[in-house]
Protein chains: 2
Amino acid sequence: MTTGVRRRLGVEERRQQLIGVALELFSRRSPDEVSIDEIASAAGISRPLVYHYFPGKLSLYEAALQRAADDLAARFVEPHEGPLGARLLRVMGRYFDFVDEHGPGFSALMRGGPAVPAGGTYAMSTVSTTNALIDSVRQAAYVQILSHLGVTDPPARLELVVRSWISLAESTALIWLDGRRIPRAELESQLVHDFAALASVSAAYDEEMGALLRRVFKEEPADGPFADLAGRLLTLAT
Amino acid sequence: MTTGVRRRLGVEERRQQLIGVALELFSRRSPDEVSIDEIASAAGISRPLVYHYFPGKLSLYEAALQRAADDLAARFVEPHEGPLGARLLRVMGRYFDFVDEHGPGFSALMRGGPAVPAGGTYAMSTVSTTNALIDSVRQAAYVQILSHLGVTDPPARLELVVRSWISLAESTALIWLDGRRIPRAELESQLVHDFAALASVSAAYDEEMGALLRRVFKEEPADGPFADLAGRLLTLAT
């Protein structure tokens, strides 16, 4: 299980290496099943040396989570070019890449916090830290979507649509991970359509949302995902 | 702050009274701000007597949460009569009643678990207990919806639509609680439409879902919420 790394690393380099090794282990199995011994072994160093860089498994878990959060937030960044539906579809592809890479760790984290310590208790600070990280990723997604919609001061109904859609994307990913019974490409495309559908429901009852949606949809090409959905819904309704 | 109750109560009666008092306090403020002294005072008994019935605040919190979970699950039960959209709308009304009554406690619970103990640590068992209770309520909602759809062996895509819609209802309620900037009646109706919209997106790309949706929608009256939405969406699209 050792990586064979034997050369001497600088302190920060060693910390970063340990975070990477730990993140990989925390991603592949539920974090509470991963021991410090295993992390030490995978990093090719001794257990006491791990403790030299991180006071305990919790601090290493938090550092790994921070790296994962930065990684995920970066995947929401998309050039402001081309049709909106196609941009959102590319972001969904990178989102599901992330979920795919970090499956068990992502599930454990999102289903009720980090089941990390074996000692029977959680540090309050860890619960706060993980919740703050999850919120920061949601906020990064929210800010990105608003910027693509060209909105700086969102009305309450738009904020609701965007934030509740982000939570829909989370639950869709979690349900997908539980058995992977639906092809992920279908879910990526479905979430783009879900965004249009939730926004349309809001727009159907609110003129401000209606105007915003008409402005956005008018830029969409006839062969894009939004237009495709509209056509299929019309078929379904008749 | 005392209720003036002075007559002697039986053990189970006293436990139930304490659970009721605690649930009301845990509902009105974030549970970590509620002390045993306050619960004792509101119940009109001494602090040691509270400990006679419950070993600590955590066990009282868990009992209060169990009662709230039973209460919420019961609100999903709706007679199998009349159009589906109207049934779902009545359930949404009772759901928002619950969210309204238990606002701060509901928020604290759903935003990262019970921030109860002042001692700096969580008991693992409490985290498991609260997560299991939340899951049991979600499952109760899921089972109710399937029964109204007349489905016993749901295909994966229907399960995804129903479960992800339940999570959408949760996030919508949480966002509503944060400032109450949108009238709740509008959100109750919007969530009924969101259900139809998410199901339609799935049906637009899957024949099995399409057949199921056509069967359900064909029973809907022309003046029901589903038909109303369809008409408005057509207006928006043209």
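Evaluating 6.51 cos²θ - 1.76 cosθ + 1.60 at θ = phi - 60° for every residue in region A:138-150, the Karplus couplings come out as 4, 5, 4, 5, 4, 4, 4, 5, 4, 5, 6, 7, x Hz, glycine and proline recorded as x. By the helix-only formula, in which each DSSP H run with n ≥ 4 contributes -39500 (n - 2.57) and the sum is divided by residues, the protein assembly as shown has a 222 nm mean residue ellipticity of -24000 deg cm²/dmol.
Once you list every other residue whose beta carbon is under 14 Å from the beta carbon of B:Arg163, what net charge do they have if Lys and Arg are +1 and Asp and Glu are -1?
Values: positive: A:Arg111, A:Arg181, B:Arg138, B:Arg157; negative: A:Glu170, A:Asp178, A:Asp194, B:Asp135, B:Glu159, B:Glu170, B:Asp194.
Residues close to B:Arg163 contribute a combined charge of -3.
Quote the FRET efficiency, to the nearest 0.05, computed for A:Ile36 versus A:Arg180 with a Förster distance R0 of 35 Å and r equal to the Cβ-Cβ distance. Computed FRET efficiency for A:Ile36 and A:Arg180: 0.70. Working from label points 7 Å from Cα in the Cα-to-Cβ sense, the B:Arg214 to A:Leu146 distance is 4.3 nm.
Rounded to the nearest 20 debye, what is the charge dipole size of chain A about its Cα centre when +1 sits on each Lys and Arg Cβ and -1 on each Asp and Glu Cβ? Present the calculation step by step, with values, prior to reporting the outcome.
Details: 25 positive and 30 negative charges, 149 e Å.
Approximately 720 debye in magnitude.
Listing A:Val201, A:Val137 from the residue with the fewest other Cβ atoms within 10 Å to the one with the most, what is the order? Walk me through the intermediate numbers first.
On the way: A:Val201 26, A:Val137 19.
Fewest to most other Cβ atoms nearby, the residues stand as A:Val137, A:Val201.
At full extension, A:Arg67 and A:Glu12 could sit 18.4 nm farther apart than now, given 0.36 nm per residue minus the alpha carbon distance. Calculated on the alpha-carbon coordinates, the convex hull of region A:33-91 measures out at 113 cubic angstrom per residue. Quick one: in region B:149-238, what % of C-alpha pairs are over 21 Å apart? Across region B:149-238, Cα pairs with separations above 21 Å total 38 percent.
Of all segments of chain B bounded by GluC sites (Glu not before Pro) found in a DSSP loop with no more than 14 other C-beta atoms within 10 Å, the longest spans B:82-218.
Where does each of B:Lys218, B:Lys57 land when they are ranked from fewest to most other beta-carbon atoms within 10 angstrom? Write out the running numbers ahead of the final one.
Details: B:Lys218 7, B:Lys57 22.
Fewest to most other Cβ atoms nearby, the residues stand as B:Lys218, B:Lys57.
Could you work out how far helix B:11-28 tilts from the main Cα principal axis of chain B, as a 0 to 90 degree angle to the nearest 10? Compared with the principal axis, the helix lies near 60 degrees. For region B:11-237, the residue among B:Leu49, B:Ser128, B:Ala203 whose Cα projects farthest onto the positive side of the dipole built from Cβ charges is B:Leu49.
The alpha carbons of region B:11-237 occupy a box of 63, 37, 33 Å along the principal axes, longest dimension given first.
Using Stokes-Einstein with the Kirkwood hydrodynamic radius over Cα pairs, what translational diffusion coefficient do you get for the protein assembly as shown at 4 °C and a viscosity of 1.567 mPa s, in µm²/s rounded to a whole number? The Stokes-Einstein estimate is 53 µm²/s. Under the simplified labelling scheme, the A:Ser136-A:Ser107 pair shows an inter-label distance of 2.7 nm, with each label point 7 Å from Cα along Cα→Cβ.
With Cβ to Cβ distances under 13 Å as the rule, what net charge do the other residues near B:Asp97 carry (K, R +1; D, E -1)? Could you put the intermediate results ahead of the total?
Details: positive: B:Arg75, B:Arg90, B:Arg94, B:Arg184; negative: B:Asp71, B:Asp100, B:Glu101, B:Glu188.
Around B:Asp97, the charge tally is 0.
Rounded to the nearest 20 Debye, what is the dipole magnitude of region B:51-112 about its Cα centre when Lys and Arg each give +1 and Asp and Glu each give -1 at the C-beta?
Roughly 120 debye for region B:51-112.
In what sequence do A:His102, A:His193, A:His80 fall when counting other Cβ within 10 Å, fewest first?
Working: A:His102 21, A:His193 26, A:His80 9.
With the sparsest Cβ surroundings first, the list reads A:His80, A:His102, A:His193.
Here B:Lys57 is the anchor, and the lysines within straight C-alpha reach of less than 30 Å, apart from those fewer than 8 places off in the same chain, are A:Lys57.
Every number in this text was worked out from the coordinates using simple rules, so none of it is lab data. Values in this document were obtained by computation on a predicted structure and should not be read as measured data. Note that we place each Cβ from the backbone using ideal geometry, even for glycine, and neighbour counts take in every protein chain shown.
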